[in-house]
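Visitor: Quick one: the structure is below, questions incoming.
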Amino acid sequence: MLALHRKELASCYRSCLDLASANDLHSIAFCCISTGVFGFPQEEPARIAVRTVREWLDEHEANMIVVFNVFMQKDESIYGDLLA
């Protein structure tokens, strides 16, 4: 992914979290955005997702449940390792 795409992907997660917080939601689920079937390597978007969500939660001192919905066993393994 190009640098711009990385920034846009992270922005997508932040925007969703901002909207959830603004609407007083306490949980949100994300699918594996830009992975596998879309031709991008699965690991880099997963790292961006987990890093961005962790940073947002830390910055906002939020008590929000975040679920990463995965499609394939490989995705589950990648996210499991990143969240361990």
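Visitor: Just need a number here: residues in segment 32-46 that are of a type outside the set (D, E, K, R), on the phi < 0 side of the Ramachandran plot and either modelled with pLDDT of 80 or more or in contact with a His (Cβ under 9 Å, 6 or more places away or on another chain) (or both). Walk me through how you get there before you give the answer.
Guide: Initially, segment 32-46 is screened for residues of a type outside the set (D, E, K, R), giving 32-42, 45-46.
Narrowing further to those that are on the phi < 0 side of the Ramachandran plot: 32-33, 35, 37-38, 40-42, 45-46.
Right, trim to either modelled with pLDDT of 80 or more or in contact with a His (Cβ under 9 Å, 6 or more places away or on another chain) (or both) and you get 32, 40, 42, 45-46.
Residues meeting the conditions: 5.
Visitor: Then there's this: Can you say whether S77 is within 11 Å of the chain's Cα centre (by Cα) and either part of a helix (DSSP H, G or I) or at pLDDT below 90 (or both), as far as the supplied structure shows? Outline the logic, then answer.
Guide: Working: within 11 Å of the chain's Cα centre (by Cα): no; either part of a helix (DSSP H, G or I) or at pLDDT below 90 (or both): yes.
No; evaluated as a whole, the condition is false for this residue.
Visitor: Can A84 be described as modelled with pLDDT under 95, among the small types (G, A, S) and crowded, with 18+ Cβ neighbours inside 10 Å? Can you show your working first?
Guide: Numbers: modelled with pLDDT under 95: yes; among the small types (G, A, S): yes; crowded, with 18+ Cβ neighbours inside 10 Å: no.
For A84, the condition - modelled with pLDDT under 95, among the small types (G, A, S) and crowded, with 18+ Cβ neighbours inside 10 Å - is not met.
The values are calculated or read from the model by the stated rules, or taken from the named source; none is laboratory data. Computed from a predicted model, the values in this text were never measured in an experiment. Cβ: placed from backbone, ideal geometry, glycine included. Neighbour counts: every protein chain shown.
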